[in-house]
Each structure stands twice: as C-alpha cells, then as structure tokens.
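Accompanying notes for the structure given below.
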C-alpha cells in the first residue's frame, strides 16, 4: 500500500480534507481532533494539495512515530469493589495507599489495568506497543496507516490520536550574575533571593524542609554525581529513578546536553550544600523520571509523561514537578482543561491525591503566546516567571485558557535562577524560563503540604496558595494570583486575627498569631510587635499562649487617624507577618450637647442642642411613667449648623401649666437621638 506523508491542519484545502477520507489514504480514524498525520510524501502531490514546497522547512523536524489507541472499556469482566481493591493494591506502594487514605480516595476504575485481550488484539495486527496507560485506558503504538486502519475497526477501539510532542532549544547558561543578596544569609549562597521571594527561607527557619513529602520530577536527565546532591544521596532520599526513553533505571546516561536541564531544575528543589546552594525542599524524598530526548533540540513525547505520572502514583508521590508542555498537534482551542492527553492525565493524578505543578510555558512573546498543556488543567498549579523585582517576564506564557479560566496560577523567579549544572561535579550557573520557576513553586507546595501533615488535597493546596499570593484580591491572566507566599499559605506563622480591621482611636483590640513548626508549637518568647508609620515604635505586648501555637495579646490603637501596619516579628527566627489597621477618628457624641438650663427650674427652661447641619428636630417631654406631656417640633428652616436653642415654658400641649416633678426629655434628629432629665419645682 502507498503511504502518503501528509502534514495538515484546519487551514488546508477542502481537496486535501476530502482525500484524507478516501480509502487511498488507508486511514479512517475516529477522532475528530486528529490534526496531523505523517507517512511518506510525494513532493509534487504535496505541492498541488497545499501550495507549499516539500522542503524540510515545510514539515516538522520529527515525523510522528506513535499513536494513542484508546480502548472502549476495561474488559468484559465486571469486578466487585473488593476485587478491584485486591488488583489495584498490588500495584500501589504503602506510601501511595497512605496518601490516598489520608484524603479518603477510594480505589476505582482508573486503578484497574487494561484488559490484556484488547492489547493482544492490537498487537496481532502488527502494531508495536510502546506505552500502556491504565488511567487513559489506552496504549501508544507504532503502526503504519494500513495497520491503523485495521486497529480503528476493532470493536474494542474507541479512538485513535497522534502522540503529541513538543520541541524546544536547549537552555542557555549564564555563569555570571551580580545582583544577588549573598550576604542576607550566607548559608544559602546565591540561592537566597529565589527562595526568600516566595517565603521559603522563612519556613526553613521554622524547621519545614519538605520532610515526609515525595516529589517526582519529570525532565531530561540528571547528573547525580554533582556535589549539590551529595546530601540527598547520602541520606537515601532518592526513592526511585526511571528512564522512560530507554526503559531502564539509569537517568544519568547521555551527554551533558541530555542532563543539563533536569540537573538544574532538580537542584532548585533538592540541592543542599550550605554556603553555595540550598534547594527549596531539600528535606523531601524524590523520584526522578527521565522523559525528554535531547538531540539538537529537546523532544518531549506525551506518552512518556503519562507513563511517568502513573509510575509516580504507584510510588506514592505527593507532588509532580514538571517543566514540560505540549503544543504540537494541538490548537489554542484545545487548551480548555479537558482535551490534551497530558491535561487529562494530570487531572486524574489530582484525583489520586497528587498535586501537579507545571510550567506555564515560555511562549508569551511568541506566536502561540498562551499556556501549554497540561498547565491548562483546572487541577494543575501553572507557574509563570517573574524577575527578582517581581515583574513578569514577557516570555512567560499567559492566560486565559480557551474556556476563559485564569492562568497562570502563580509566579516565581524565572530569570537567572541559580542552579547546579551538569558540566562538572561542582559547576553552577543561572538559567532562565518557567522551567526553573516551576521547581521553586513545587518546593513551596511541598513545605505547605508538610505543614498540613499531608492532609491537604491538591485542590486545597491550590486554593490556599491562591488565597495568600500577592494578587489574591485581583488575579489576572498575566500574573494569575501573583507571587506565592509560602510562609503565609502554610499557616506556620500568620496573624489570624484581626484581619482587615477598622478601629477608632484608643480602642482596645486583640491580636492573635499562629506560630508552629513541623514538631508542634514554637515558643512565643521572642515575639516583637511594631506599628508603622509611628516611627517604628515597638509596642510592649504580652503574648499569652491561649491554644497550642496560638499567641494572643491585648493592644490599644494609636490615636492618629489613618492606615497603620502592625508587624509581629519573631526576633530569633527573623520571620514576620503584618496586618493593616485603619484607625478612624472617634465619632462625635452629638447627644452629649443636649441639655437644659436652668435645671432645676420654676417657670421655664431653655434646651440647647448641636446640629452638624440644619435639620428638622423634635423634642418630646414625658413623665417618668412614660406619659407624653409636650411635643415641640422645630422645622429645619429654624435651625442652623452649630448650637441651637429652644424654650419650654413648663406647659403641656394644651398650654396648661404642669405639676412639679422629674420629666424625661428626648431629642430626635436625622443624625442622632438624645435624652436628658428636667426637674420642675414650684
């Protein structure tokens, strides 16, 4: 059979679309989303059909090698819940079952393996099986068009799609970068700024390092002999590693170009060499997945991503840090959170209790511009890039998703990120891209999850991070919810009351601070409270531990009107939180101006009262038993701003003199009511 090499998209001519449906093309794929297909091309035919030359520039550098074959179901046997548990638990580690148990996630159909009879049906038609995905209920295969035709006609086959790829150039490394706050904390070396910007340094000081959290990293390869990883390797915190390119456990093979991106991204998370570099979650455990091929450019294939995600689930990973993304085979319209294969897999991972942290992409100043999959997923924490001043870099992919949701989710440093590099065992450099903002954000997520003792679901973590990021009140499609604030999101050091308070001058109020570390509450002995802008006055505050880790102090507001920032700082740990206090002018008690003179009186008395503006006013006079004696109505035209006066001649509404005694006098105005007593003697 003749195979035609065709590269098509929705803009191609109707003639080509018609030809694709003909038997001569030997292809009858069921998927309406099949955007491109590659076989062998006749140059003249390609020229006639597309109007383009058949040069190398008119086609991708890599032909499509593999296809997804999606199956209709998990096989003819219907299993009970008990049977499902037995089958699935054989594939899940104790750590994976513990993670699910904490979140109440039951074993379900996604955990069941693919029916082997269906796989054999596909294999018998000549296809080579490359990946098997229980989550997608699909296999990726290598097959020619005639084989694909026969596979598509199998009753057990639901759909066929190409395996999507992404190609990008290798990363450039800078060896010099001077604007670094090296002296802020010399133990962090040149990695201080990138961690401090998102609140990780502060969490380290409280003892949170990611301990107990398993993070899986998907990347090109990893040079584990680098000195930055000595602590990791010595302490056996590398739980597993797998090369999904060569199907072995060696993630270090290949040249420097194959390992550099993964080595650098991994160091942002795990490095621990005090005085040189410290990773954001250096106390965590790690699983390394080699999923990208590096030649003259980096080639990423989505079936490897899916396989790595399922592998991570079986190991018990809590977080996936992925700097990968896919655009080829997809259009912007597919970035809807439900279409791209990796996005679907990422959402399934979230349903298993795994937080997927993914780069938003470096397409912001290119023709694509928007986020890449799986960052479009509603269960994925998509990370964009800012510089050290918190300003978004123009290469950072933007939102919204094609269905209108805000993306990216949050931002972290993505310009000149200090990393270990793979040239030698002691080489370092500065790399740029959302690929390096992502492991920083994943580090923050790991510390937040540790602070929750592993009890937050992926959705809980994303919501919490959103709530405490720099643009939480006004997210947009360039920055998302802004720069992450890990210390606040963790709840480890946070003013929990008052929030957004409004007080009047001199009013007393209570401030409550939560302060705890991974092993329980911290001492509040070193807490210091400061209020600005009153010349940074340190207020003597007696913090009392009312509950485990909750410290409360009673304060009085300043008499000065305006916005004031109240800061609580732990002097020992050098961490702080603050809250804005709006101090209002104490309200004027206009009712205090309402009185009568003389008092006591014999024949009559004069009432005086204050009005901030002319207003109709009523003065009502009652006996102590509540009987109405006299109603005096003063029209607005007879009043003025300031002190007003009104005469009462000790008579009732009929003009008759009243008996001696005590009378209750009530004033009513549109702005206030007041009361006073008048004593009549005869």
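The values are calculated or read from the model by the stated rules, or taken from the named source; none is laboratory data. Since this is a predicted model, take the numbers as computed values, not measurements. Glycine also receives a Cβ, built like all others from the backbone with ideal geometry; neighbour counts cover every protein chain displayed.
Can you spot a residue in segment 385-401 that is surrounded by 23 or more Cβ atoms within 10 Å (Cβ to Cβ) and under 19 Å from residue 216 (Cα atoms)? Within segment 385-401, none of the residues are surrounded by 23 or more Cβ atoms within 10 Å (Cβ to Cβ) and under 19 Å from residue 216 (Cα atoms).
When segment 339-366 is filtered for residues that are assigned to a loop (DSSP other than H, G, I, E, B) and either closer than 14 Å to residue 434 by Cβ or within 19 Å of the chain's Cα centre (by Cα) (or both), the ones remaining, listed by number, are 352, 353, 354, 360, 361, 362, 363, 364, 365, 366. With respect to being buried (at least 22 other Cβ atoms within 10 Å of the Cβ) and at pLDDT below 95, residue 354 falls outside the description. All conditions in (1) under 27 Å from residue 588 (Cα atoms); (2) loosely packed, with under 13 Cβ neighbours inside 10 Å; (3) modelled with pLDDT under 95 hold for residue 614, with the sole exception of (2). No other residue among 493, 436 is closer than 23 Å to residue 363 by Cβ and in contact with a helix residue (DSSP H, G or I) (Cβ under 9 Å, 6 or more places away or on another chain) apart from 436. Scanning segment 543-575 for residues that are surrounded by 11 or more Cβ atoms within 10 Å (Cβ to Cβ), part of a loop (DSSP other than H, G, I, E, B) and modelled with pLDDT of 70 or more turns up 543, 549, 571, 572, 573, 574. Please name all residue pairs, on different chains or six or more residues apart, with Cβ atoms under 7 Å, provided the first residue is in segment 467-481 and is at positive phi and the second residue is part of a loop (DSSP other than H, G, I, E, B) and modelled with pLDDT of 95 or more. Short answer, once both residue conditions are applied: 480/406; 480/407; 480/408; 480/409. Which members of segment 428-470 meet the condition of being out of contact with any strand residue (DSSP E or B) (no Cβ under 8 Å at 6 or more places or on another chain), assigned to a helix (DSSP H, G or I) and more than 30 Å from residue 276 (Cβ to Cβ)? 459, 460, 463, 464, 467, listed by residue number.
Each residue in segment 135-146 was checked for being surrounded by fewer than 19 Cβ atoms within 10 Å (Cβ to Cβ) and farther than 14 Å from residue 162 by Cα, and 1 pass. Within segment 452-468, being crowded, with 24+ Cβ neighbours inside 10 Å and closer than 22 Å to residue 204 by Cβ holds for one residue alone: 465. If you go through segment 290-315 and keep only what is within 30 Å of residue 487 (Cβ to Cβ) and either crowded, with 24+ Cβ neighbours inside 10 Å or at pLDDT below 95 (or both), you end up with 309, 312, 313. The set of residues in segment 225-246 that are in contact with a helix residue (DSSP H, G or I) (Cβ under 8 Å, 6 or more places away or on another chain) and in contact (Cβ under 8 Å) with a residue 60 or more places away in the chain comprises 226, 228, 229, 239, 240, 242, 244. Going through (1) in a helix (DSSP H, G or I); (2) modelled with pLDDT of 95 or more one by one, residue 236 falls short only on (1).
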